[in-house]
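Just below is one structure, and these are the notes that go with it.
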Amino acid sequence: MLLPDGLNSVNVRLHSGKEWIVTVRNKDGSATDTMFAANDHQRSNIYLTPKHQLVVMEKGGSDVFFALHPDGAPEALSGNRYDERDTASDAWRYIGVIIGGKFFTANQSAECLDLLGEGKSPYRKRYQNLPIC
């Protein structure tokens, strides 16, 4: 799925039923990270942050963050780079969702974070567990 900036794309796929593999690509390279798969029914919300980061959040509250660079490859913000994450989620822009491998824009599918009754997330609280999930 090509992001609105026209430079970066994101792909989310299930790996061995236990984790989602998220890859962000641009002309300069790619970065990959993984997140826990609560189940195999995909609903990957996609966000852009004011600090030029891409955030992908999945059912159950798992998330990954990537730094996007205009003149360089994306970078996963995990491990020792965790503190660089732009966690001010009220300022994030919801750009859409990937459901079952198909991308829907924010205009086509409202934002919703299904935490599946057990998960939790510190982000986007007002969109968690809505009836539309």
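The values are calculated or read from the model by the stated rules, or taken from the named source; none is laboratory data. Remember, it's a predicted structure, so these values are computed and weren't measured experimentally. Here the Cβ is made from the backbone with ideal geometry for all residues, glycine too, and neighbour counts use every protein chain on show. Note: areas computed on protein heavy atoms with side chains; ligands, DNA, RNA excluded. Shrake-Rupley method; radii C 1.70, N 1.55, O 1.52, S 1.80 Å.
Run through the DSSP bridge list for the chain and note the antiparallel percent, rounded to the nearest 5.
Details: 36 of 37 bridges.
If we restrict to bridges inside the chain, about 95 percent are antiparallel.
With protein chains left intact and a 1.4 Å probe, residues in the chain average 53 Å² of accessible area per residue. Between Ala88 and Thr34, residue separation times 0.36 nm minus the direct Cα-Cα distance comes to 17.3 nm. Within the straight-line cut-off of under 12 Å between alpha carbons, the aspartates and glutamates reachable from Lys120 are Glu58, Asp63, sequence neighbours fewer than 8 places apart in one chain being disregarded.
For a straight C-alpha distance cut-off of 28 angstrom, the lysines reachable from Lys27 (same-chain residues fewer than eight places away being disregarded) are Lys51, Lys102. Between Leu130 and Asp71, the FRET efficiency estimated from the beta carbon spacing at R0 = 30 angstrom works out to 0.20.
For mean projected area of the Cα convex hull in nm², the value calculated from this model appears in (1) 8.2; (2) 7.7; (3) 9.3 under label (2).
Segment 46-133: which trypsin sites (Lys or Arg not before Pro) are DSSP loop and have at most 11 other beta-carbon atoms within 10 angstrom? Spell out each step's value before the answer.
Working: sites: Lys51, Lys59, Arg81, Arg85, Arg93, Lys102, Lys120, Arg124, Lys125, Arg126; in loops: Lys51, Arg85, Lys120, Arg124.
Loop-located and lightly packed - Lys120.
Hey, got a sec? Which GluC sites (Glu not before Pro) in segment 56-133 land in a DSSP loop and have at most 15 other Cβ atoms within 10 Å? Walk me through the numbers on the way to the answer.
Numbers: sites: Glu58, Glu75, Glu84, Glu111, Glu118; in loops: Glu58, Glu111, Glu118.
Listed in order of number, the matching sites are Glu118.
Accessible area of the chain with a 1.4 Å probe: how many percent of it is carbon plus sulfur?
On the way: 3440 of 7050 Å².
The value for the chain is 49 percent carbon and sulfur by accessible area.
Here the Karplus relation 6.51 cos²θ - 1.76 cosθ + 1.60, evaluated at θ = phi - 60°, turns the backbone of segment 21-32 into coupling constants of 9, 10, 10, 10, 10, 8, 5, 9, x, 8, 9, 10 Hz, with x for every Gly and Pro.
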